[in-house]
Amino acid sequence: MTREEFIEELSYTEYSYEIVGGKINVTTGDEEGDFIMYLPSIPPDVIFSNPGYVELNYIDNVPSGAEFNNKGHVFLDSVNVIEKDVYFNNDGGVYLKSIFNGWSDYCDFKIDGIDSKRLLNLMIKQGLFI
């Protein structure tokens, strides 16, 4: 999906966004602040800063430059590839059904005393999901 197509979808759903440093920063979602889209892909360099959760269950690749700074969970049911510079800084959990068969917080790689999202971001940075 191109940037222009993604911005068109945002406009259609009336989700607010701004361009910050060349990235598309999604700032709102539906009435509850949740960002829900049934898209096959998203473009690179999208930041999610909405006040609710993010649900992108049909994408299979989280492209370069994506950041999740939203206040809720992130649902990525079909994702098999996560580029090395993707970052999860959301307040909720990360649901990666295709990779972990569930929540990253409750996977076999969980280490007591280490935040699961910190470990997930390290695994992404090392290129384990490319």
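What size of dipole, in debye to the nearest 20, comes out for segment 3-125 about its Cα centre when the only charges are +1 on Lys and Arg C-beta atoms and -1 on Asp and Glu C-beta atoms? If you can, show how the numbers build up before the last one.
Details: 9 positive and 22 negative charges, 121 e Å.
Once rounded to the nearest 20, the dipole reads 580 debye.
For residue 97, the lysines whose Cα comes closer than 25 Å to its Cα, not counting residues fewer than 8 places off in the same chain, are 71, 84, 110, 117, 125.
Suppose we keep just the DSSP beta bridges with both residues in segment 3-125; what percent of those would be antiparallel, to 5? Don't skip to the end; give the middle numbers.
Working: 6 of 21 bridges.
Counting DSSP beta bridges with both partners in segment 3-125, the antiparallel share is about 30 percent.
For segment 47-104, what class follows from the C-alpha gyration tensor (a ≥ b ≥ c being the square roots of its eigenvalues): rounded when a/c is under 1.5, otherwise prolate if a/b is larger than b/c, else oblate? Note, shape of segment 47-104 comes out oblate.
In the elastic network of the chain, a GNM with C-alpha springs shorter than 10 Å, the most mobile of 69, 50, 80 is 80.
Tally Lys/Arg at +1 and Asp/Glu at -1 over every other residue whose Cβ is under 9 Å from the Cβ of residue 37; what's the total? Display every interim value, and only then the final one.
On the way: positive: none; negative: 9, 55.
Once positives and negatives cancel, what remains is -2.
The alpha carbon gyration tensor of segment 1-97 gives principal lengths a ≥ b ≥ c with a/c below 1.5, which makes the shape rounded. Straight-line reach from residue 23: taking Cα to Cα under 19 Å and skipping same-chain neighbours fewer than 8 places apart, the aspartates and glutamates in range are 4, 5, 8, 9, 14, 45, 67, 83, 85.
Restricting to segment 1-54, what percent of DSSP beta bridges are antiparallel, rounded to 5?
Values: 4 of 8 bridges.
Beta bridges within segment 1-54, antiparallel portion: roughly 50 percent.
The value of relative contact order for segment 3-125, using C-alpha pairs under 8 Å at least six residues apart, is 16 percent. Taking segment 39-56 and a reference point 7 angstrom along Cα→Cβ of residue 16, the backbone N atoms nearer than 20 Å belong to 46-55.
Taken together, the values in this text are just the output of simple stated rules run on the coordinates, not laboratory data. Bear in mind the structure is a predicted one, so any value in this text is a computation, not a measurement. Because the Cβ atoms are built from the backbone with ideal geometry, glycine has one as well, and the counts that use them run over all protein chains shown.
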